[in-house]
Every structure is written in structure tokens, then in C-alpha cells.
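The next block holds one structure in the form of C-alpha cells; read it before the comments.
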Amino acid sequence: MEERIIYAILSIAIVAGIVIFIKIIEFTKFKTLSGSYKATGVIFIFLATAEIVYLAFTLKWLTPAIEIVASLSALLLFFTFVTLNKLQNAISGMSIALGTRMNVGDSLEFEGKKGKIKQIGLTKTIIELDESSKIMMIPNKKIDEEIAIIQKNHPKKQSTGWEQSKSFT
């Protein structure tokens, strides 16, 4: 530990010496050069960032942070794989709800079954089958990826901007 502290102090002294040297050159040689302070400012930012990174690794300041980030990343990766199907269905559901290709009340033929759309949910669409009073729940991802025949049961209305803005409030 003592050796690392000696190296850290030595590193800070070297960087401070470099900064002083650059400032002396700026005030003596570059005083007539317009905008030279911008270039030296960038150099100072680079030196300070490099010194902070060096000290963080030398004095092991980042070890707890790296462990926490690694643990959270593994946890996020696990939850992503567990909920991947639900996430895909939810994104497809938002696409269907925001799009105009199908609405509640339209007729739908999907995988050889016909029915009317009763509800478009976030993760699944509910269809009331024609041949019986049974309902079929189709994951929105399947509707997005596979071919579905949709017969519009509502004539398209001419809408004004007022009606559109009213529907978003």
C-alpha cells in the first residue's frame, strides 16, 4: 500500500510540473498567439483525466464500482432473457395500436381461423371466433411477424386535426 501511495504522489508531482511548464511556455512564447489558452486548456483537461484514471486504478478506488456495475449488468442480462418474449410482444402491441392496419371490430383471418378483433392489448390481441363463441388470444409478435388477412369493417372517416388532437388528451 505504501508503495502505491508513493507512486501516486510522484505521479501528481510530475503532472503538476508538466502543467507549470506548459503555463510558462504559454505566457512567454504564445502570449501573442491568439487562442493559445484554448489549446492549453484541452491539454490540461486531458492531463487531469489521465491522472484521475491512473490514481483510480493505482489506489483501487474503482474496485467497488466495477463490482457493482458487473453485478447489475449480469442481473439486467438475466432479466432481459427472462422477459424477452414479453418485451417483443409489448413492442409489437404498441406498433399495432399506433398503426392503422387493424382496429377493434375488424375481421381477422389468422392461421386458418376467422374472427373479429375484440381487444388489442399490450402483449396479445383477443379475437372472437366466427364458428363459435370462443375467443382466441394471439401474441402480438405473431401478428406482426406472420401473414394475417384483415378486413376493415369501418369505413375510413375523414378526420380533422381537432379530432386527432382531442384523442390524445
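The values are calculated or read from the model by the stated rules, or taken from the named source; none is laboratory data. For clarity, every value in this text was computed on a predicted model and none was experimentally measured. Cβ: placed from backbone, ideal geometry, glycine included. Neighbour counts: every protein chain shown.
Data for the structure
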quantity	calculated
Residue that is modelled with the highest pLDDT [pool: residues in segment 141-169 that are closer than 12 Å to residue 117 by Cβ and touching a helix residue (DSSP H, G or I) at 6+ places or on another chain (Cβ under 9 Å)]	143
Complete set of residues in segment 105-126 that are farther than 17 Å from residue 149 by Cβ and not charged (D, E, K, R)	119, 121, 122, 123, 126
Qualifying residue in segment 53-69 (condition: in a helix (DSSP H, G or I), within 30 Å of residue 6 (Cα to Cα), in contact (Cβ under 8 Å) with a residue 40 or more places away in the chain and among the hydroxyl-bearing types (Ser, Thr, Tyr))	yes
Subset tally (residues that are in contact (Cβ under 8 Å) with a residue 12 or more places away in the chain and surrounded by fewer than 16 Cβ atoms within 10 Å (Cβ to Cβ)) for segment 92-105	7
